[in-house]
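Quick notes on the structure that follows.
The values are calculated or read from the model by the stated rules, or taken from the named source; none is laboratory data. None of the values given here were measured: they were computed from a predicted structure. Every residue, glycine among them, receives a Cβ derived from its backbone with ideal geometry; neighbour counts consider all protein chains shown. Ligands, DNA and RNA are stripped out before the accessible areas are found, and what is left, the full protein with its side chains, is counted by its heavy atoms. Shrake-Rupley method; radii C 1.70, N 1.55, O 1.52, S 1.80 Å.
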Amino acid sequence: MQYFSSKHNVTLVAIIVFSFTVACDKPAPTAANPVAQSAGSITLPANLLVTEQPAGAIGVIEARTAAKTGDRVAVIGRIGGSRAPFVSSRAIFTIVDQSMKSCLETDEEEHCPRPWDYCCEDKKELAKSIASIEISDVNGKPLALALESEGTFKPLMLIAVEGTLQSTEGGSFVVRAEHVYKVPNDPLASKMK
């Protein structure tokens, strides 16, 4: 017994294809929404990198205790805090307070293939020392850009970020970056291989 005719099968396939098309949350590229363009054409905002450290930049730990959602903040730290500090397909990464020491800064350098994961530090203390940094489009959505392969930022790079604190719920500390300063003459940079 046949439940559907070929005409019904074609209609059913069309409905399924349409459903997937509608369900996809990627808007079509427009001048007002450049992030919808292919990943190869997305770049960091032209004014993101600055040549002077943001005034009053403080460590991540201090910022976590002093700032609240919506505040303008300037934080300084090293890119890291996990095996993969960069989100693979979005312009999001984590920084760690400078009081935390990577394995490159300890006597345990030899055993650690990824010193940016701060495996030598206490996990509970490390969790209190991390801030997430997101680089967003004009609509406030993180750019669809893989920063690790893009090359502007590297693990353990010392940076200062100026932006707006987005969230502190559940222990998170998310800063939407407006400006990033890459600290020059970083003594740890010479130890990176």
Checklist entry - So how do 61-72, 122-133, 41-52, 78-89 stack up, highest first, on mean other-Cβ count within 10 Å? => result 78-89, 122-133, 61-72, 41-52
Next on the checklist: How much accessible area per residue does region 43-193 have, counting only protein heavy atoms and a probe of 1.4 Å, in square angstrom?
Outcome noted: 52
Next on the checklist: If I model a spin label as a point 7 Å beyond the Cα along the Cα-Cβ vector, how far apart are those points for Thr106 and Thr152 in nm?
Outcome noted: 3.2
